[in-house]
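For reference, the structure discussed in these notes is given below.
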Amino acid sequence: IANLETNFTEFLKFVDTYDDRNDFEEMKVTKQPYITDAYVNFPTGKLSLEQLQAAFNVLPFQFEIVDAEDKLRWFSDNDQSLFKPNSKTLDKPINAIHPIDTASKMEKAIREFKANRKDMVQAPYIKDGKKIINSVFALRSASGNYLGAIRMTGDVDFIFDMFKMKST
């Protein structure tokens, strides 16, 4: 019962915070999940929302999740970001938020995912002298239904540097 009371109190704080704010950018100031006592139970264990956010923030990649309707629903907000999306891009179609060449590649990958022809598309490229990997993975339910896609983009020079150090 004590946990129930604590969780309900946290929920009320969330509602008050949400009601008092009219701009999502303002809500991001704390960079903390809003329901801090919530856990996600996986078959392999459980993680708090705070742990999930910390995991995405520490990984040296930027992540975006697009839903089954091709709209951006979430992006990681970390120091490794090669480009800085903002909350105004949330809930918008990918072709409205990415440059034409990137959007067309994402749309092509998503068509392949929806048709169940592929589960992953990767594209390496060099930008400003850095080796970049752009990987898009299909997100599927346990029964194989397409749920959306996750895009992972990052500078992979550090991986090549590790091989150089190992060979010397």
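For the reader, a short list of remarks on this structure follows.
- One residue stands out among those in segment 56-85 that are within 10 Å of the chain's Cα centre (by Cα) and touching a residue at least 60 places away in the same chain (Cβ under 8 Å): the one that is most open to solvent (accessible area, probe 1.4 Å), which is 73.
- Residue within segment 146-161 that is under 29 Å from residue 69 (Cβ atoms) and open to solvent by 60 Å² or more (accessible area, probe 1.4 Å) present: yes
- Any chance residue 123 is out of contact with any strand residue (DSSP E or B) (no Cβ under 8 Å at 6 or more places or on another chain) and open to solvent by less than 50 Å² (accessible area, probe 1.4 Å): no
- Subset tally (residues that are modelled with pLDDT of 85 or more and under 21 Å from residue 58 (Cβ atoms)) for segment 76-92: 1
- Residues (open to solvent by less than 90 Å² (accessible area, probe 1.4 Å), modelled with pLDDT of 90 or more, more than 12 Å from residue 66 (Cβ to Cβ) and not small (Gly, Ala, Ser)) located in segment 95-118: 112
- Among residues of segment 36-55 that are open to solvent by less than 60 Å² (accessible area, probe 1.4 Å), those with a Cβ under 6 angstrom from a residue that is part of a loop (DSSP other than H, G, I, E, B) and at pLDDT below 90, sequence gap 6+ or separate chain, pair up as 49/33; 49/38; 53/33.
The values are calculated or read from the model by the stated rules, or taken from the named source; none is laboratory data. Nothing here was measured: the structure is a model prediction, and the numbers come from that model. Quick reminder, even Gly has a Cβ in these numbers, built from the backbone with ideal geometry, and neighbours come from all protein chains shown. SASA here: full protein model, heavy atoms, side chains in, ligands and nucleic acids out. Shrake-Rupley method; radii C 1.70, N 1.55, O 1.52, S 1.80 Å.
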